[in-house]
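Student: Provided herewith is a single structure, encoded as C-alpha cells, for subsequent inquiry.
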Amino acid sequence: MNGRQTADDALSHPPSIAIIIVNYGTAALALDAAHSVLGQTLPDRALHIHIVDNASPGDDAQTFAHEIIARGWQDRVTLWPEAVNHGFGRGNNIVLSALSRLPAPPAYVFLLNPDAALEDGALARLAALLDTRPDVVAVGAGISKPDGQPVTAAFRFPSLLGEFETAACFGPISRLLRNHRIPLPPDHPEGPVDWVAGAAVLFRLDALRDVDFFDPAFFLYFEEVDLMRRLQAKGGVIWYLPTARARHIEGAATGVASGLQRRKPSYWFHSWQLYHRRAAGIPIALLVALAHMSGTSLHILRSRLRRKIPALPECYLRDFVSGALIPLLRPTRATHD
C-alpha cells in the first residue's frame, strides 16, 4: 500500500489513531464505548474519537453534545450529527473521507460498535500488531458477551457450501462441511483469516483509501465482509488477534441479533445478494442463493418432522426469495446497486 510505514518507523514514531463510532439510537452505550477507548493506555500515540450520530430518532445528538462538554472530552471527541441515517458503511465513510483529506491524516483507524467496549490493553495490542506487520492491513479483536463468554469474531468468506451448511443447521452436515463453515470457532487462534467482525477492528487508513473505503451500496450488513474481500484482492492481510478483547452486546446497535426474531429487515436480504453479486458475479450468486434456500428448506422440513418450530425469523424463506433471489434474477430492477 502506498505510504505505509516500515516497522522501525512505526516503533520510533507511534502512529496516531482515529476511532469512529457510528450510532443510531444507543447514545448511552456509545458513550460507554467512547469511555472504554479513552481509558486505554497508549503512550505517545494521539487518539481522537469521532462519533457519528446517524439521525437517531430520539435526542441522541443532543445527549452527545452535552456529555462531551460535561465529561471534558472537547479536545478528544468530535461529534458528527447527521440529518439522515446513512447506515454503517456510509456513516464511517463520512469520517474516513474527511480524515484522508487532512494534511497529516492518522495512520490507523479503529472502528468500534456503539454496543461494544474495549477491555484494558486491547487497542495497544491491535496497534502493536500493525506496527510490526506491514503486510497486515486490518486486525480484529476477540469478541466476548457481556458475561465474558467468547463468541465468533473471525470468519471464512461466504461460499456455496458454507451458505448451505449455515442454512441447514444440521449436525451431520456441519461435520461433513466443517472446512467450509463461515464462522470460525470462538477459540480460533491468532493469525490470518478471511474477515473479522466489524465490531472492533483496526485498519490502516491508506489501505482503506486504496479501495475507496466502504461500498456505499450497502446500507447495513455484509459491508465489512465486502471491504475485507477487496482489501485482500489488493494483497493485504486480515489478521485476528483474540488477545485484544472487546465486550459486545449483540444486536443492541442494529436491532438484529442471531437466533429467533420477528423478521429480518429488507436491507439484510439486499446486502446478502449484493455481496454475492460483487464477489462472484450473478451466475454464481444465483447458485449460492439456491444452495442457501435448499439448506433452509431442509431445516424447515426437519423441524416440522420433529414437531419443533424452525429456528428462523418469521417469513424467512419467502423474504429471502423476494429480497435476495428475485433481485439476482432481475438485476436491472435492483434499486440500490
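The values are calculated or read from the model by the stated rules, or taken from the named source; none is laboratory data. Worth saying up front: this structure is predicted, and the values here are computed from it rather than measured. Cβ: placed from backbone, ideal geometry, glycine included. Neighbour counts: every protein chain shown.
Student: Considering only residues that are aliphatic (A, V, I, L, M) and without any contact (Cβ under 8 Å) to a residue 60 or more places away in the chain, look in region 190-202 and name the one that is farthest from Ala18 (Cα to Cα).
Tutor: So, considering only residues that are aliphatic (A, V, I, L, M) and without any contact (Cβ under 8 Å) to a residue 60 or more places away in the chain, the one farthest from Ala18 (Cα to Cα) is Val193.
Student: Would you mind stating whether Gly251 is within 13 Å of the chain's Cα centre (by Cα), closer than 15 Å to Ala116 by Cα, modelled with pLDDT under 95 and not β-branched (Val, Ile, Thr)?
Tutor: Yes: the conditions hold for Gly251.
Yes/no per residue for (1) more than 17 Å from the chain's Cα centre (by Cα); (2) crowded, with 23+ Cβ neighbours inside 10 Å; (3) closer than 30 Å to Asp120 by Cα; (4) without any contact (Cβ under 8 Å) to a residue 24 or more places away in the chain:
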position: Pro146; (1), (2), (3), (4): yes, no, yes, no
position: Thr152; (1), (2), (3), (4): no, no, yes, no
position: Glu163; (1), (2), (3), (4): yes, yes, no, no
position: Ala167; (1), (2), (3), (4): yes, yes, no, no
position: Arg178; (1), (2), (3), (4): yes, no, no, yes
position: Pro183; (1), (2), (3), (4): no, no, yes, no
position: His188; (1), (2), (3), (4): yes, no, yes, no
position: Val211; (1), (2), (3), (4): no, no, no, yes
position: Ala217; (1), (2), (3), (4): no, no, no, no
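Student: While we're here: Consider Leu317 carefully, then state whether it is exposed (fewer than 13 other Cβ atoms within 10 Å of the Cβ), aliphatic (A, V, I, L, M) and part of a helix (DSSP H, G or I).
Tutor: Values: exposed (fewer than 13 other Cβ atoms within 10 Å of the Cβ): no; aliphatic (A, V, I, L, M): yes; part of a helix (DSSP H, G or I): yes.
Answer is no for this residue.
Student: I'm trying to understand the selection: among the residues of region 130-170, which are in a helix (DSSP H, G or I) and among the hydroxyl-bearing types (Ser, Thr, Tyr)?
Tutor: Thr132, Thr166
Student: Restricting to region 93-129, and then to whatever is part of a strand (DSSP E or B) and in contact with a Ser or Thr (Cβ under 7 Å, 6 or more places away or on another chain), can you tell me which residue is surrounded by the most Cβ atoms within 10 Å (Cβ to Cβ)?
Tutor: From region 93-129, those part of a strand (DSSP E or B) are 108-112, 116-118; that's our starting set.
Among the residues that remain, those that are also in contact with a Ser or Thr (Cβ under 7 Å, 6 or more places away or on another chain) are: 117-118.
On the way: Ala117: 23, Leu118: 25.
Result: Leu118.
Student: If I ask for residues that are basic (Lys, Arg) and at pLDDT 95 or above, which ones from region 309-337 would you list?
Tutor: So in region 309-337, the residues basic (Lys, Arg) come out as 318, 330, 333.
Matches in region 309-337: Arg318 only.
Student: Could you grab me the full set of residues in region 126-146 that are among the acidic types (Asp, Glu) and closer than 18 Å to Leu42 by Cβ?
Tutor: Scanning region 126-146 gives a single hit, Asp131.
Student: While we're on this one: Among the residues that make up region 160-169, is at least one of them acidic (Asp, Glu), under 18 Å from Glu224 (Cβ atoms) and not assigned by TED's automatic domain parsing to the domain that holds Glu223? Give the derivation first.
Tutor: First, the residues of region 160-169 that are acidic (Asp, Glu): 163, 165.
From the residues that got through so far, the ones that are under 18 Å from Glu224 (Cβ atoms) too are 163.
Applying the additional criterion that residues be not assigned by TED's automatic domain parsing to the domain that holds Glu223 yields 163.
Checked against the condition, which is being acidic (Asp, Glu), under 18 Å from Glu224 (Cβ atoms) and not assigned by TED's automatic domain parsing to the domain that holds Glu223, region 160-169 yields at least one hit.
Student: Given (1) in contact with a strand residue (DSSP E or B) (Cβ under 6 Å, 6 or more places away or on another chain); (2) at pLDDT below 95; (3) not hydrophobic (A, V, I, L, M, F, W, C), identify the lone condition not met by Gly148.
Tutor: The one condition Gly148 does not meet is (1).
Student: Which of (1) under 22 Å from Asn93 (Cα atoms); (2) at pLDDT 95 or above is the odd one out, the single condition Thr63 does not satisfy?
Tutor: It is condition (1) that Thr63 fails.
Student: Could you please find all residues in region 77-92 being assigned to a strand (DSSP E or B) and either touching a helix residue (DSSP H, G or I) at 6+ places or on another chain (Cβ under 7 Å) or buried (at least 23 other Cβ atoms within 10 Å of the Cβ) (or both)?
Tutor: Across region 77-92, the qualifying residues are Val77, Leu79, Trp80, Pro81.
Student: Something else about it: Across region 79-115, what is the total count of residues that are among the polar types (S, T, N, Q) and over 19 Å from Leu202 (Cβ atoms)? Give the derivation first.
Tutor: The initial filter retains those residues of region 79-115 that are among the polar types (S, T, N, Q), namely 85, 92-93, 97, 100, 113.
Next, only the ones that are over 19 Å from Leu202 (Cβ atoms) stay: 85.
Here the count works out to 1.
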